[in-house]
1. Determine the pairs where a residue that is within 24 Å of S109 (Cα to Cα), located within the stretch 75-98, has a partner that is of a type in the set (S, T, Y) and not in a strand (DSSP E or B) with Cβ atoms under 6 Å apart, the partner being 6 or more residues away or on another chain.
2. So R106 clears everything in (1) open to solvent by 10 Å² or more (accessible area, probe 1.4 Å); (2) part of a strand (DSSP E or B); (3) at pLDDT below 95 except one condition, right? Which one?
3. So in the stretch 1-16, with the set limited to residues that are part of a strand (DSSP E or B) and open to solvent by 100 Å² or more (accessible area, probe 1.4 Å), which one is farthest from P88 (Cα to Cα)?
4. For the stretch 64-101, which residues satisfy the criterion of being under 20 Å from T28 (Cβ atoms) and open to solvent by 30 Å² or more (accessible area, probe 1.4 Å)?
5. Name the residues in the stretch 109-120 that are under 20 Å from L11 (Cβ atoms) and either surrounded by 14 or more Cβ atoms within 10 Å (Cβ to Cβ) or of a type in the set (D, E) (or both), would you?
6. Looking at A61, A49, A33, can you tell me which residue is buried (at least 21 other Cβ atoms within 10 Å of the Cβ) and without any contact (Cβ under 8 Å) to a residue 60 or more places away in the chain?
7. For the stretch 88-103, give me each residue that is part of a loop (DSSP other than H, G, I, E, B) and over 14 Å from G9 (Cα atoms).
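The values are calculated or read from the model by the stated rules, or taken from the named source; none is laboratory data. These numbers come from a predicted model, not from an experiment. A quick note on method: Cβ atoms are made from the backbone with ideal geometry, for glycine too, and the neighbour counts reach across all protein chains shown. Note: accessible area is taken over every heavy atom of the protein model, side chains too, but ligands, DNA and RNA are not part of it. Shrake-Rupley method; radii C 1.70, N 1.55, O 1.52, S 1.80 Å.
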Amino acid sequence: QVHLIESGGGLVQAGGSLRLSCAASGPTLSRSALGWFRQAPGKGRELVAAISRNGGQIYYADSVKGRFTISRDRVDNIMSLQMNSLKPEDTAVYYCAADAFPLDFRLSSEYDYWGQGTQVTVSS
């Protein structure tokens, strides 16, 4: 059983930066595909960034390319999302997710383990 705990959300002005972290207890994240998803009010959950199990593939949503960076710290069992040049449209609850054997690491339905979510609010 993997437990994921997110931190780092908050309120920031447009153009600012935040770093989200997701700490795992239980099996190591180094053996899992990892993803960050977000859900804005009235909208469905969407993929922000994901990294494959072996780290060989990294995917970013077009809306965040060049601004967000996903990373994995295998030693400390933490995954992170560095968010720069934030925009008001990035406002959402952000969730980290992990799964050992997703068929497609870009799909939320493939992830078995989820964090509780952390709010990110970007003011204009």
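1. From the stretch 75-98, the pairs are N77/T28; A97/Y111; A98/S32.
2. So R106 meets the others, but not (2).
3. If we take residues in the stretch 1-16 being part of a strand (DSSP E or B) and open to solvent by 100 Å² or more (accessible area, probe 1.4 Å), then H3 is farthest from P88 (Cα to Cα).
4. Across the stretch 64-101, the qualifying residues are S71, R72, D73, R74, V75, D76, I78, Y95, A100, F101.
5. Hits for the stretch 109-120 are G115, G117, T118, V120.
6. A49
7. If the condition is that a residue be part of a loop (DSSP other than H, G, I, E, B) and over 14 Å from G9 (Cα atoms), then A100, F101, P102, L103 are the ones that fit.
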